[in-house]
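The numbers here are math on the coordinates, done by the rules we state, and not lab data. On a predicted model such as this, the values are computed, not experimentally measured, just so you know. Cβ: placed from backbone, ideal geometry, glycine included. Neighbour counts: every protein chain shown.
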Amino acid sequence: MLIATVGTASAALAVGPLPNMSAITASTLPQDLLIYDRNGSLIADIGNQGSHRVVVPLPSISPSLIRATIAVEDRSYYANSGIDLPAILRAAVDDIVHLRFVEGGSTITQQLVKQLYFGPNAPDTLQRKLREAALAVALTRQHSKDQILEMYLNTIYFGNQAYGAQAAAETYFHTSAAKLTLGQAALLAGIPRSPSAFNPVQHPQAARARQAQVLAAMVRQGDISSAEAAAAVAAPPQVFPPATTIKAPHFVDYVLTTLRQQFHISPDSGGGYRVVTSLDLALQTKAEAAVAAQVSRAGTYYNFHDAALVSMDPQTGEILAMVGGANYNAPGGQINMATSPTRQVGSAFKIFTYSAALESKKVNMDSPILDAPLVFPIGGTNNGPYAPTNYDGRWHGTLPLKEALGNSLNIPALKVELLTGIPTVLDVARRMGATTLTQPDSYYGPSLTLGAYPVSLLDMAVATSTLADLGVRHRPSPILKITDATGTTTFADDPAQNADQALSPDVAYIMASILSDDQNRCMEFGCNSDLTLGGRQVAAKTGTSEGFRDNWTLGFTPTLATVTWVGNPDNTPLSHSSTGIVGAAPIWHQFMGNALQGIPDNWYPTPSGLDQFEADYFLPDTEFLPPVLAEPWPSCPSQAYDPKTTSWSMLMVDGVPCSIVTSPRRRPFA
């Protein structure tokens, strides 16, 4: 003890004052950001520049690894003061014999000090050695042996960018530090002496020879028997090459962006945050399978090579599944089509138009609408005449609003939009979740209702969820909980704080009734199509953008809202006039059917504020509205206009933009 005291005093004089190490704990070590699904399954381990460290407490590390480490690195660990003087003297003699400074005699505590204060490539100078020894003794005085061992086993480098026992166990054996076998533990314990030379992936024979040395040391220590050592040598553990596996990669990218923007958490900060997300890995697997199946099955014929899906819990806004593309690892596959605000939504936008029209009480679900040609003087190519058509190229005469919406007819949607007013439609769309519609109202023309302006898949999922929760909008919630390295909760999601009544329950219920009645869409899509789920009431709507570049399908039950898209990231048109019913609907149908398996069919109770006549529902005082949309459209005073000087406001007749080709007189409405 006298020698140790004198040695420590001499070191202190040589190296000067020492830092206070009482605050050093394993939890203060830089470590990975871990991302989990809602049920606790790990979906991503994000380290700093590819390095990995996951701090675990000493009881969560296999006793075999603890004993193996002590046996091979510092067999007097629990007895020494942080330095091993006999070992140091032996090393000093070796230095003199070789006429150079040879590394040796370092205890576990000294190795920890070197990692924490000097780095792995610190110069082998006498002053550094003395300071290292002094720090080791000071650390031993301020921490228990178990605390120091816990820090060491969470700090030491095991090669392949794995720092600490947990990262090493996951990297080499795809297991946890707690579940390491004797053979695995002995193999790992031998690596830190020379992580490159004893790398079990690159140098398996050297690693196994080193493993045998560790097992022999354990036998000498009395930790294991010779028979146990022989058995471990005879059964070499399977070693996996290093690989970074991230499940639901587009969703993980979205979570990382959310962490940066909302919580100022960066994955390379080493803060050791644990993030529990809203993702349901089982549903995510079903979503990925549905996307892959449709791209493989129909993509070549219809010339689409990508697809995306977002599914949400409409009662909370929690994102349960997100597929941002068919192949994350393909060229350009990192683009998240689920969040990209670059795609036209086609007729899927009509959920906003008709919601706004019903809310304004200018129409009801039975209002007759004349589907016949219209030509507006401006708004087309180079601002010439604008002559919209239905996607089937036909006209369908007079039909009720519910069938015009169900069959996704364009001319009726334009008439409903213009009667309601574009600013009113925009207001409802923004309230329901279309955050990408940020331009002034005057920027948007009549083609708004046809989905000519981009809205992201995620925004459409929020809007669909708004209908599904009877008008309550929840902002997307990808993160349920965040804890820091000490286990302290820094964020916990509260769905009650994320709810706004964007639409009245009465209007949302009417929309759900229209979109869930298969008879309303049989004319264009056929009965019992992929927009239905046998034996279950479900609302659904398709969308096809101009030029057949995008296919959409959205739909919901009271507990699940899902939106799907197919297309090409470079905006290449699809082939064979493919619409949402053949492109996106099969994905939606497969996923929703699988996701709802085992869940009882349920629907909404009728809101008390609605009037009901047979199967139709009306807002009060809207049962008998004048059939203005069944009459001929107002004609323009002139048949020729200068597009350079004409504005939409100049074309207003009877409150709507006039047409230079008017609809014929309506046939009697039945």
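Summary table below
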{"item": "Cα centre as origin, Lys/Arg/Asp/Glu Cβ charges: the stretch 290-439 dipole, Debye", "result": "160"}
{"item": "Förster-model FRET efficiency, 35 Å R0, residue 20 and residue 42, C-beta, rounded to 0.05", "result": "0.45"}
{"item": "Alpha-carbon Debye profile of the chain, log10 I(q)/I(0) at 0.08, 0.09 Å⁻¹", "result": "-0.71, -0.80"}
{"item": "Antiparallel bridges, percent of DSSP beta bridges restricted to the stretch 556-670 (to nearest 5)", "result": "90"}
{"item": "Dipole magnitude of the stretch 285-657, debye to nearest 20 (Cβ charges: Lys/Arg +1, Asp/Glu -1, about Cα centre)", "result": "740"}
{"item": "For the stretch 298-331 and the stretch 632-649, distance of Cα centres in Å", "result": "42"}
{"item": "Top positive-direction residue, dipole computed over the stretch 285-657 with Cβ charges, set 498, 474, 572", "result": "572"}
{"item": "Cα long-axis angle, helix 410-420 against the chain (0 to 90 degrees, to the nearest 10)", "result": "90"}
{"item": "Surrounding net charge for residue 500, when Lys and Arg each add one and Asp and Glu each subtract one, Cβ distance under 12 Å", "result": "+3"}
{"item": "FRET efficiency, residue 501 to residue 602 (Cβ-Cβ, R0 25 Å, nearest 0.05)", "result": "0.70"}
{"item": "Tilt relative to the chain, helix 249-263 - C-alpha long axis, 0 to 90 degrees, to 10", "result": "80"}
{"item": "Cβ charges +1 (Lys, Arg) and -1 (Asp, Glu), total dipole of the chain, debye", "result": "1880"}
{"item": "Inter-probe distance in nm under a simple model that places probes 7 Å from Cα toward Cβ, at residue 392 and residue 118", "result": "8.2"}
{"item": "Spread of Cα-to-Cα distances over 10 Å intervals beginning at zero, given as percent, for the stretch 285-657", "result": "5, 24, 34, 24, 10, 2, 0, 0"}
{"item": "Residue-span extension gain [residue 644 to residue 238] - 0.36 nm each, minus C-alpha spacing", "result": "138.7 nm"}
{"item": "Spacing of the two label points (7 Å from each Cα toward its C-beta) at residue 528 and residue 147, in nm", "result": "7.2"}
{"item": "Distant-in-sequence amide H partners of residue 84 (H built 1.01 Å from N, under 5 Å)", "result": "107"}
{"item": "Distance between the stretch 549-625 and the stretch 368-412 - C-alpha centres, whole angstrom", "result": "21"}
{"item": "Inter-label distance for residue 303 and residue 203, nm, one decimal - labels placed 7 Å from Cα along Cα-to-Cβ", "result": "5.7"}
{"item": "Signed unit charges on C-beta, dipole axis of the chain, positive-most listed residue 432, 356, 119", "result": "119"}
{"item": "Full-stretch length increase - residue 27, residue 381 - with 0.36 nm per residue and alpha-carbon distance subtracted", "result": "121.1 nm"}
{"item": "Calculated log₁₀ intensity ratio I(q)/I(0) where the Debye formula runs over C-alpha points of the stretch 347-418, q = 0.28, 0.29 Å⁻¹", "result": "-1.30, -1.35"}
{"item": "Karplus (6.51, -1.76, 1.60) ³J(HN,Hα), θ = phi - 60°, over the stretch 312-322, in Hz, Gly and Pro reported as x", "result": "10, 7, x, 7, 9, x, 5, 7, 8, 8, 9"}
{"item": "Per-pair calculated FRET efficiency, R0 = 30 Å: residue 329 and residue 576 via Cβ, rounded to 0.05", "result": "0.55"}
{"item": "Nearest 10 degrees, 0 to 90: helix 63-73 Cα axis against the chain principal axis", "result": "50"}
{"item": "Rounded Å value of the spacing that divides the Cα centres of the stretch 43-61 and the stretch 504-539", "result": "48"}
{"item": "Computed [θ] at 222 nm, deg cm²/dmol, the chain (DSSP H ≥ 4; -39,500 (n - 2.57); rounded to nearest 500)", "result": "-10500 deg cm²/dmol"}
{"item": "Potential lengthening between residue 225 and residue 488 on full extension [0.36 nm per residue; Cα-Cα distance subtracted]", "result": "90.4 nm"}
{"item": "Relative packing of 52-62, 486-496, 159-169, which averages over residues the other C-beta atoms within 10 Å, highest first", "result": "159-169, 52-62, 486-496"}
{"item": "Set 362/402; 402/541; 114/179; 247/350; 145/481 screened for pairs whose C-alpha atoms are more than 23 Å apart", "result": "114/179; 247/350; 145/481"}
